[in-house]
Amino acid sequence: MKLDDKPRPMKEAARLTLMLDAVLGKDRFDRGPVNVKELALEYSAKTCPEEPIDRVVGDTLEGCMGALVPGEGTPRKWAIMHHLDQSPGRRNFTIGHELGHYLLHRSLVPPEGIYCDENSILHRNGEGIEKEADLFAASLLMPFHDFRAQLPAKDRPDLEMLTNLAERYGVSLTAAILRWLEYTETRAIMLISNEGYAHWAKSSDAAYKSGLYIKTKNVVYELPERSLAVRREFTDEAKTGIPQERGVWFPEPAVEMCIRSDRYDLEITLLHFGTAERWHDQSTPEEDTYERFIRKGQGTPV
């Protein structure tokens, strides 16, 4: 399947964000997250009545987290499917991901549909159209203009704060941390593990540029013996941060936080590192598409 002519996932998400802000108010997240299921049904019926999304349903999808499936009748209708065994936060992101496929890629969908696995949705580690669908979902569910207002780029949040933000946006803790890592100016690493071994890891841009990253692709990475996950230390203190000496993770000290999900049999570790002035980026922070719309006076929803 080839990528079509440069679809714009962030621009499409910004268009919907402007619409929702206009209808529900810019303080809408104070009252609850995006109702992505309702949005998918109503927005597609209004903008694409000739081929709307007809159903958003849970099902057992072997090896997949979600799917976008076309119907056989005329006019053609679409179904968004999500694997039943997902937390509400994971489910919302999956629906947002499939809505992104519908808005950006439905001309590319084969007769059997698009089926998306865990790696492409939960890890945000897909390529091509999978990456675009992830960008769309993250931008729609966790728009930067609100996320940055709740958590400024220079702040170093603990897992309790990030859990509260995950609840604000109706997504998983993993999704919220990944979104924060996209814009933070601090040096931080998130690590997903179980039984003492890493599944995957993600560094902030500042951490990566200063040489702080953990390789997990085609590599077996064993967690340090003194890490909280290996020590099974999942206390309230572990959620807010425990100092680790230099040499435990890297040749510099870190503040380590860790939380465990028994439902998914995994641990989430967050590492914070001190400021490295020589890696500080003095350039202007990247502008969010939504913010660019507002700055250019394109604030009228389409």
Of the residues in region 193-217, those that are assigned to a loop (DSSP other than H, G, I, E, B) and acidic (Asp, Glu) number 1
Every residue from region 23-54 that is in contact (Cβ under 8 Å) with a residue 24 or more places away in the chain, part of a helix (DSSP H, G or I) and within 21 Å of the chain's Cα centre (by Cα):
29, 36, 37, 39, 40
List pairs: first residue in region 150-166 and of a type in the set (A, V, I, L, M, F, W, C), second residue exposed (fewer than 14 other Cβ atoms within 10 Å of the Cβ) anywhere in the structure, Cβ distance under 7 angstrom, at least six positions apart or on different chains.
153/285
Say we look at region 186-221 and pick out the residues that are of a type in the set (D, E, K, R) and buried (at least 16 other Cβ atoms within 10 Å of the Cβ); which of these is farthest from residue 151 (Cα to Cα)?
209
Looking only at region 76-94, how many residues end up being out of contact with any Pro (no Cβ under 9 Å at 6 or more places or on another chain), hydrophobic (A, V, I, L, M, F, W, C) and surrounded by fewer than 22 Cβ atoms within 10 Å (Cβ to Cβ)?
1
Please verify whether residue 129 is within 19 Å of residue 80 (Cβ to Cβ) and free of Cβ contacts under 8 Å to residues at least 60 places away in the same chain, treating the condition exactly as stated.
no
If residue 220 passes every condition in (1) among the hydrophobic types (A, V, I, L, M, F, W, C); (2) assigned to a loop (DSSP other than H, G, I, E, B); (3) touching a residue at least 24 places away in the same chain (Cβ under 8 Å); (4) within 21 Å of residue 265 (Cβ to Cβ) but one, which one does it miss?
(3)
Filter region 133-147 down to residues that are crowded, with 17+ Cβ neighbours inside 10 Å and of a type outside the set (A, V, I, L, M, F, W, C) and give me whichever is modelled with the lowest pLDDT.
134
Qualifying positions in region 193-217 - hydrophobic (A, V, I, L, M, F, W, C) and without any contact (Cβ under 8 Å) to a residue 60 or more places away in the chain
198, 201, 214
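The values are calculated or read from the model by the stated rules, or taken from the named source; none is laboratory data. The model shown is predicted, which means the values in this text are computed figures rather than measured ones. Here the Cβ is made from the backbone with ideal geometry for all residues, glycine too, and neighbour counts use every protein chain on show.
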